Amino acid sequence: MAQHGADSHGEINVDVAIIGAGPAGLTAGYLLTKQGKSVAIIEKDQTYVGGISRTVEHEGYRFDIGGHRFFSKSQQVVDLWNEILPDDFIQRPRMSRIYYEGKFYSYPLRAFEALWNLGIWRSAFCMLSYFRYRLFPIRTVKSFEDWTTNQFGQKLYSIFFKTYTEKVWGMPCNEMSADWAAQRIKGLSLWGAVVDGLKRSLGLNKRPNDGQAVKTLLETFRYPRLGPGMMWDAARDKIVGSGRGQVLMGHALKQLASDGKGGWRLSSEGPKGETVIAAKHAISSAPMRELARRMHPLPETTAQAAELKYRDFLTVALMIRSEDLFPDNWIYIHDSKVKVGRVQNFRSWSPEMVPDPDVACVGLEYFCFEGDGLWSMADKDLVELGKKEMAILGLVDPDKVIGGAVVRQEKAYPVYDGDYAANVDALRRELEARFPTLHLVGRNGMHRYNNQDHAMMTAMLSVENILAGERIYDTWCVNEDAEYHEAGDEGEAKSLPACEAVSADQSAALGSVREVPERIQKSA
């Protein structure tokens with residue numbers, strides 16, 4: 001094993017260098033140190049680990065960057081959460097709604113409620129549109145608009161998908177890849193919503209043996225009592241406490257260079273200047289575009305990687321003198337009169353997210369591009385915009401707002417435009433062929449809209465590849481065949497989607513599955 005520490009030239013020598021201390025990077029670091037490997041993790045943020053799953057604190061208030069439920073169909077991920085943070089989960093009721101034209105609609109949609117709120121004539125048009133596209137679907141599905149129209153009809157698509165989706169991505173739905181819709185809402189259907197509504201109305205959604213309601217993502221979720229950052233702070237502390245790992249905060253990737261012997265020399269720029277890490281393997285959760293331009297030698301596909309795009313994000317938190325605003329954990333805003341896309345109610349996530357039971361705290365989420373008008377606005381102006389828009393929506397009385405804060409998050413969402421898949425595939429093929437000791441993980445590391453648990457799975461499988469000394473698992477099969485993320489039971493999948501690794505040319509034909517090693521299956 002490589003020496004854990006610095007050599008005579010001041011280099012840090014470890015088995016594995018990890019770029020990014022988000023869920024993927026910290027999962028990899030934790031599992032590797034458990035197996036006796038030494039790791040060094042660099043994190044650009046000076047204060048917080050967890051990436052977009054961090055929890056920002058401001059004057060006793062805690063802000064979740066986007067809302068992160070701890071729900072996974074993977075039992076291995078659930079076991080790992082319980083192992084890292086065994087005593088601090090709380091069970092929370094799940095409620096989210098869509099705000100459209102002054103009315104609230106349950107999300108996931110409940111067909112009868114939605115049709116009632118829309119009124120008889122609009123509902124009739126929605127149903128006619130639905131049947132028209134079920135009978136005569138768009139044959140060549142190229143875009144998000146095509147896919148969703150075929151699934152729900154043009155009318156329902158325009159009401160419940162178009163406005164919000166274009167707010168999130170800053171581009172027309174007919175320019176977005178159909179992959180986005182297929183990945184995020186696969187398995188959701190109008191008839192499924194009708195059947196679900198009937199079952200709920202008749203009390204038929206019960207377990208057959210004990211008569212208890214089935215606990216799915218639709219009803220409850222687990223959550224760390226002080227926010228998701230609590231999980232990743234604990235993971236960092238366990239890595240450092242093992243004596244085999246270190247986490248370097250405020251260290252931005254400068255260069256990742258091949259050492260010519262199959263290993264890596266990673267240089268980062270930190271508070272005290274440059275730090276160099278020598279390692280046998282490298283794990284990267286950095287955005288693919290950023291990684292490519294900082295590699296030496298430069299990948300031949302760097303120009304294609306440079307075409308990958310990202311959507312940025314900011315939260316305007318308002319502190320409000322009020323006991324209860326609304327019961328939702330979050331509300332989707334399908335209203336073109338305002339720029340806000342989603343509103344989080346932090347106290348509904350956990351009462352401990354606010355320091356005073358008489359004060360509520362909401363987070364208004366704005367989707368933007370780094371450097372545009374919203375991103376560049378002064379914090380005080382963003383707070384005023386948030387107050388104004390909450391008044392327009394009738395959700396908050398501006399006179400009761402007693403404070404505000406702004407949190408910016410760059411590269412929150414990898415963009416699924418028409419060219420993204422080809423650009424990702426080109427870089428992936430080259431890196432896998434030339435650099436078998438480089439492992440891409442996580443949302444931005446793979447330019448895939450992975451949830452927190454999916455990001456962890458990519459790290460778990462990468463660790464197994466490192467321990468085996470060869471690429472025996474294909475991490476890209478994680479979230480490849482995902483079903484609608486709002487349905488299912490926690491831990492229902494007893495093994496990870498560990499597809500056997502094959503060449504990139506064969507990846508589309510993956511189908512066989514290996515047994516996941518016992519150290520992952522029973523990590524707890």
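The values are calculated or read from the model by the stated rules, or taken from the named source; none is laboratory data. These numbers were taken from a predicted model, which means no experiment stands behind them. Because the Cβ atoms are built from the backbone with ideal geometry, glycine has one as well, and the counts that use them run over all protein chains shown.
Below is a table of values for the structure above.
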| quantity | calculated |
| --- | --- |
| Segment 320-347, residues that are over 15 Å from Tyr164 (Cβ atoms) and β-branched (Val, Ile, Thr) | Ile320 |
| Given (1) assigned to a strand (DSSP E or B); (2) over 18 Å from Ile277 (Cβ atoms), number of the condition Asn82 does not satisfy | (1) |
| Residue match in segment 2-18 (condition: among the small types (Gly, Ala, Ser), surrounded by 24 or more Cβ atoms within 10 Å (Cβ to Cβ), closer than 27 Å to His454 by Cβ and modelled with pLDDT of 95 or more) | yes |
| Count of segment 361-392 residues which are in a helix (DSSP H, G or I), exposed (fewer than 15 other Cβ atoms within 10 Å of the Cβ) and of a type in the set (Asp, Glu) | 2 |
| Residues that are free of Cβ contacts under 8 Å to residues at least 40 places away in the same chain and out of contact with any Asp or Glu (no Cβ under 8 Å at 6 or more places or on another chain), drawn from segment 336-355 | Arg347, Pro351 |
| Members of segment 266-312 found to be closer than 23 Å to Gly29 by Cβ and assigned to a loop (DSSP other than H, G, I, E, B), listed by number | Pro271, Lys272, Ser285, Ala286, Pro287, Arg294 |
| Restricting segment 349-360 to residues that are assigned to a helix (DSSP H, G or I), more than 20 Å from the chain's Cα centre (by Cα) and of a type outside the set (D, E, K, R), the residue that is farthest from Arg408 (Cα to Cα) | Pro351 |
